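Written out below as structure tokens is the structure these notes cover.
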Amino acid sequence: MKNSSNQIKLTLIVFFSLGIIFSSFRQETENSINESLKENFLPSNPFVILSDTTKKDPETGLIVDENLYMVKAQCTGCHSTKLIIANHFTRDGWKQKIRWMQANHNLWELGDTEKQVLDYLEKNYAPQQMVSRRAPLKDIKWYDLKLN
């Protein structure tokens, strides 16, 4: 009876020992696979994948640029930056909007800063070419639809 009890204890000790050894080996293998994946497929900075390529100002949502401060100073005193973000014009189109605001909403003369504002708007909020429709069909073969 005592001998069989010792055999059970010994068997349990062997199984627990093997379990610890195999689990530690498995963890090392997973770590080496993960390291290999990181080295071969992921960039060194994981935020590169998650971040947008265009940096935006957290306060306004506008694209960060060297002339952003001038746009914030000249534009956001009267209207939201969402008005800028929602529109895309050519340089001439933005200039016309400035003239319209000066004529109708008492926007002051921008003076020398107008060039910086227009440079920023032209560079970052120019018209975007969008593909919204498929190309027209060519060589269409029409047929008569026969009704029963």
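When you look at residue 61, is it more than 23 Å from the chain's Cα centre (by Cα), of a type outside the set (Asp, Glu) and either assigned to a loop (DSSP other than H, G, I, E, B) or at pLDDT 95 or above (or both), yes or no?
Values: more than 23 Å from the chain's Cα centre (by Cα): no; of a type outside the set (Asp, Glu): yes; either assigned to a loop (DSSP other than H, G, I, E, B) or at pLDDT 95 or above (or both): yes.
Taking the combined requirement at face value, the residue does not satisfy it.
So in the range 82-110, with the set limited to residues that are open to solvent by less than 90 Å² (accessible area, probe 1.4 Å) and not in a helix (DSSP H, G or I), which one is nearest to residue 130 (Cα to Cα)? Applying the filter and picking the extreme gives 88.
Somewhere in the range 130-139, is a residue loosely packed, with under 12 Cβ neighbours inside 10 Å, touching a Ser or Thr at 6+ places or on another chain (Cβ under 9 Å) and within 24 Å of residue 53 (Cβ to Cβ)?
For the range 130-139, residues loosely packed, with under 12 Cβ neighbours inside 10 Å, touching a Ser or Thr at 6+ places or on another chain (Cβ under 9 Å) and within 24 Å of residue 53 (Cβ to Cβ): absent.
The values are calculated or read from the model by the stated rules, or taken from the named source; none is laboratory data. Quick caveat, the model's predicted, so the values are computed rather than measured. Note: ideal-geometry Cβ built from the backbone for every residue, glycine included; neighbour counts use all protein chains shown. When the accessible area is computed, the model is the full protein with side chains, heavy atoms only, and any ligands, DNA or RNA have been set aside. Shrake-Rupley method; radii C 1.70, N 1.55, O 1.52, S 1.80 Å.
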